[in-house]
Amino acid sequence: MTSVEQIDIAVIGAGLGGAAAAALLLNAGFSVHVFEQAPVFSRLGAGIHIGPNVMKIFRAIGLEDRLSRIGSHPDHWFSRDGLSGDYLSKIELGDYAKREYGAPYITIHRGDLHAEQIAALPEERLHFDHRLTDIVERDSDVLLSFANGKEVSAKLVIGADGINSMIREKLLGPEKPRFSGWVGHRALVNMDKLRATGLEYERCVKWWWEQSRHIMAYATKNDGSEYYYVTGVPVDGWTHEASFVDSSREEMEAIFGGSHPMVQGLIDATEEVTKWPFWNRDPMSLWSRGRLCLLGDACHPMRPHMAQGACMAIEDAAVLTRCLVATGTTDYRTAFAIYENTRRDRATKVQTISNANTWLKEPEDPAWVYAYDPINAALA
Ligand SMILES: Cc1cc2nc3c(=O)[nH]c(=O)nc-3n(C[C@H](O)[C@H](O)[C@H](O)COP(=O)(O)OP(=O)(O)OC[C@H]3O[C@@H](n4cnc5c(N)ncnc54)[C@H](O)[C@@H]3O)c2cc1C
């Protein structure tokens, strides 16, 4: 790009939400560029659930089959008591999800998912090493400045820049996210040690203790050769500057030791484990202003306990694209208003249930989440 390039739509952040927005907008025929602060993405050790609600969007992007081949397809989401192993709920997924919700439910390594999303974008549309540092709203465009000295003039700017979003700050002023009081430990376990337990690990299971302390464990590959867990543990505070720190098997033992033998098997198979703080914000009063619009964690961050944070970001991307298709970019104010009206209630409901950490602990019907079709649902 030259020093001040004129573009139509700038997406800030090529995370799971931003990459989806870029792909959908490009498919719809818009001229879009994505700007990402990271110089490159790496395969960090973590998994993610993608519900049928979002696999329908990946179908539209052309990635459903690839992701289905890579990811694991759990037949159920089980909830079990962490001490006794008693089943608290057994939610049907697998073929039932395909039939009743219209697409598969997968669990997958998030690096594998993200790599597929990034590979689907034309190279010339994706600009790594572009950290947005300044935003000037002008009458007919927005001037974006980046840490590398580049400047871009965009007609519309989509803030997909995560929980510490600069675009959110521009709309609502500086405000640090709140520490939720919870951390999550994340580990890909040693498969030889896990198999040596002789126990049969379910493809997707959430172990619960008192205070909703839990371990969510699942396969991240179709052939079951990779198994991952993430915890949710209440703590007194978070004092580290880093976005995550190392944890240890000893720490896992101190928190969860003496539990059901399958949980002990997970702890014994732990070699490397990291610890992440969960940050939060209250539902926001403003999703867009003028030519700036937010999606995903920039707009409605949540604790991850419903496994729907990224799914909401990707749903946002699909609905926002449809709104811009319906109105055209010139009438962006109407598009952004329809987008917020369509998304606000659903995203806020998911945010609230996620933060309460009650999802699927008891038998309940998840159809309102999984059967939703962001590609065809009515726009408000
Ligand atoms: C432990 C854990 C487990 C989770 N499990 C699930 C799950 O199973 N299912 C699910 O749906 N969700 C899950 N989530 C939630 C999910 O990870 C987030 O909701 C999702 O990543 C949000 O996507 P996003 O694109 O909005 O933001 P992000 O993924 O945070 O992406 C933002 C991007 O913007 C870039 N960026 C930031 N600032 C700038 C800047 N100034 N200039 C340029 N680029 C910038 C960042 O580098 C980043 O690439 C989980 C979260 C955690 C913490």
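Observations
- Per-residue ³J(HN,Hα) for region 251-267, Karplus 6.51 cos²θ - 1.76 cosθ + 1.60, θ = phi - 60°, Hz, x for Gly and Pro: 5, 4, 4, 5, 8, 10, x, x, 8, 4, x, 6, 5, 4, x, 5, 5
- To put it simply, the accessible area of the chain at a 1.4 Å probe is 48 percent carbon and sulfur.
- For W359, no residue whose modelled amide H falls within less than 5 Å of its own remains once neighbours fewer than 5 places apart on the same chain are excluded.
- For region 159-174, backbone phi angles converted through the Karplus equation (6.51, -1.76, 1.60; θ = phi - 60°) give residue-by-residue couplings of x, 10, 9, x, 5, 9, 3, 6, 5, 4, 4, 5, 6, 10, x, x Hz, Gly and Pro being listed as x.
- ³J(HN,Hα), Karplus 6.51/-1.76/1.60, whole Hz, each residue of region 52-57, x for Gly, Pro: x, 4, 9, 4, 5, 6
- For the chain, the tally of Lys pairs with Cα-Cα distances below 12 Å comes to 4, considering only residues 8 or more apart or on different chains.
- Helix 110-119 vs. the chain, principal-axis angle (Cα, 0 to 90°, nearest 10): 30
- In this rough spin-label picture, where each label sits 7 Å from Cα along the Cβ direction, the D81-T330 distance is 6.6 nm.
- Isotropic mean projected area of the C-alpha convex hull, region 40-188 (nm²): 12.9
- Here the calculated FRET efficiency for T358 and V4, from their Cβ-Cβ distance with R0 = 41 Å, stands at 0.25, rounded to the nearest 0.05.
- Here the gap between E272 and N222, fully extended at 0.36 nm per residue and compared with their Cα-Cα distance, gives a gain of 15.8 nm.
- FRET efficiency, R249 to S89 (Cβ-Cβ, R0 35 Å, nearest 0.05): 0.75
- Stretchable slack from L143 to E123, in nm (0.36 nm times residue separation minus alpha-carbon distance): 4.9 nm
- One way to sum up the overall shape of the chain is the equivalent ellipsoid from its Cα gyration tensor, whose semi-axes run 36, 22, 19 Å, largest first.
- Per-residue ellipticity at 222 nm, computed for the chain from helices alone with -39500 (n - 2.57) per DSSP H run of at least four residues, works out to -9000 deg cm²/dmol.
- On full extension, the segment bounded by E151 and S285 gains 45.3 nm, given 0.36 nm per residue less the C-alpha separation.
- Summarising the amide proton neighbourhood of V11: residues at separation of 5 or more, or on other chains, whose placed amide H is nearer than 5 Å comprise H33, V34, F35, I158.
- L379-A38 FRET efficiency (beta carbon distance; Förster radius 35 Å; 0.05 resolution): 0.60
- Accessible surface, the chain, averaged per residue in Å² (probe 1.4 Å): 41
- Cα long-axis angle, helix 309-327 against the chain (0 to 90 degrees, to the nearest 10): 30
- GluC sites (Glu not before Pro), loop per DSSP, at most 14 other Cβ atoms within 10 Å - longest free stretch of the chain: 1-174
- The mean sequence separation of alpha-carbon pairs under 8 Å and at least six residues apart, normalised by the residue count of the chain, gives a relative contact order of 22 percent.
- Rounded to the nearest 10 degrees, the inclination of helix 16-27 to the longest alpha-carbon principal axis of the chain is 50 degrees.
- Between V235 and W182, V183, the built amide H atoms are under 5 Å apart, and every one of these is 5 or more places off in sequence or on another chain.
The values are calculated or read from the model by the stated rules, or taken from the named source; none is laboratory data. Treat the numbers as computed from the prediction; the structure is a model and nothing was measured. Don't worry about glycine lacking a Cβ; one is built from the backbone with ideal geometry, like all the others, and counts go over all protein chains shown. Areas reflect the complete protein model, heavy atoms only, side chains present, ligands, DNA and RNA absent. Shrake-Rupley method; radii C 1.70, N 1.55, O 1.52, S 1.80 Å.
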